[in-house]
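Chemist: Would you mind keeping the following structure in view while I ask a few things?
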């Protein structure tokens, strides 16, 4: 009887591993909606995946680089329209530096107001809403699943999993070559991240970071005038909709 109860409980638990392709849109070498993948990034993504248990299914963003990542990893992934990258509108194909030079006020508004769409595309709140709808629609029997998505989609999924306000979107940037594990039990989500083992870039810049398998925190950044980000403080992924969690986002 106990074994049957454990098996039923396991079926009711969703373990979604989210693998974000690199780099995020606001990195110095990014191009909105069209960031190329390097061989290094693909290999480090493979290292991150190799450290994970087998997944029952794989879903991906319908972007070319997510398709290429899945193919490189030898995975048969189903494209999910709800996990598409944010629509950058007229900014697509341009770098953050170019946007800052042409429309500094619009770029600043986009990084601070989830309802701003100076590019004429999709707002951050709209992105968060459609990814939240997808996450909430996952059936209980999903089990272990993998999602290969764009960095903005990772952040949007975290907003929902943490019950965070949409304005927290830009403070939930996950470092490159990390995986985010979202677990839902009894209708409640919890989140952890893990680093790819033996990742030179991570080891060089992340001394003191948790090792693979340990609970971590996502980086909270503050936008600078040049469009890049600098570390501000760290937000524990174990925090959800408590008063303490909301206070973290009110500190600025």
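Chemist: When you look at residue 180, is it assigned to a strand (DSSP E or B), at pLDDT 90 or above and in contact with a helix residue (DSSP H, G or I) (Cβ under 8 Å, 6 or more places away or on another chain), yes or no? Before you say what the answer is, go through the steps one by one.
Modeler: Details: assigned to a strand (DSSP E or B): yes; at pLDDT 90 or above: yes; in contact with a helix residue (DSSP H, G or I) (Cβ under 8 Å, 6 or more places away or on another chain): yes.
Yes: the conditions hold for residue 180.
Chemist: Related question: Which of the numbered conditions does residue 90 fail, given that it passes all the others? Conditions: (1) in a helix (DSSP H, G or I); (2) more than 13 Å from the chain's Cα centre (by Cα); (3) over 21 Å from residue 31 (Cβ atoms).
Modeler: Failed condition: (3).
Chemist: Looking at (1) under 17 Å from the mean Cα position of the chain (by Cα); (2) surrounded by fewer than 19 Cβ atoms within 10 Å (Cβ to Cβ), which is the one condition that is false for residue 76?
Modeler: Going through the list (1) under 17 Å from the mean Cα position of the chain (by Cα); (2) surrounded by fewer than 19 Cβ atoms within 10 Å (Cβ to Cβ), residue 76 breaks only (1).
Chemist: Please tell me if residue 159 is buried (at least 23 other Cβ atoms within 10 Å of the Cβ), touching a strand residue (DSSP E or B) at 6+ places or on another chain (Cβ under 8 Å), at pLDDT 90 or above and not in a loop (DSSP other than H, G, I, E, B). I'd like the intermediate steps shown before the answer.
Modeler: Numbers: buried (at least 23 other Cβ atoms within 10 Å of the Cβ): yes; touching a strand residue (DSSP E or B) at 6+ places or on another chain (Cβ under 8 Å): no; at pLDDT 90 or above: yes; not in a loop (DSSP other than H, G, I, E, B): yes.
When the stated conditions are applied, residue 159 does not pass them.
Chemist: For the subset of the range 118-140 comprising residues that are touching a helix residue (DSSP H, G or I) at 6+ places or on another chain (Cβ under 7 Å) and outside any helix (DSSP H, G or I), which member is surrounded by the fewest Cβ atoms within 10 Å (Cβ to Cβ)?
Modeler: 120
Yes/no matrix, rows are residues, columns are (1) within 18 Å of residue 181 (Cβ to Cβ); (2) at pLDDT below 95:
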| residue | (1), (2) |
| --- | --- |
| 74 | no, yes |
| 92 | no, yes |
| 95 | no, yes |
| 105 | no, no |
| 108 | no, no |
| 113 | no, no |
| 121 | no, no |
| 134 | yes, no |
| 142 | yes, yes |
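Chemist: Ok, one more. Would you tally the residues in the range 8-55 being modelled with pLDDT of 90 or more and part of a loop (DSSP other than H, G, I, E, B)? I'd like the intermediate steps shown before the answer.
Modeler: Restricting attention to the range 8-55, the residues satisfying the condition of being modelled with pLDDT of 90 or more are 13-19.
After this cut, where a residue has to be part of a loop (DSSP other than H, G, I, E, B) as well, the list is 13.
Number of matching residues: 1.
The values are calculated or read from the model by the stated rules, or taken from the named source; none is laboratory data. Here the structure is a predicted model, which means the values were calculated and not measured. Positions of Cβ are backbone-derived with ideal geometry, glycine not excepted, and every protein chain shown enters the neighbour counts.
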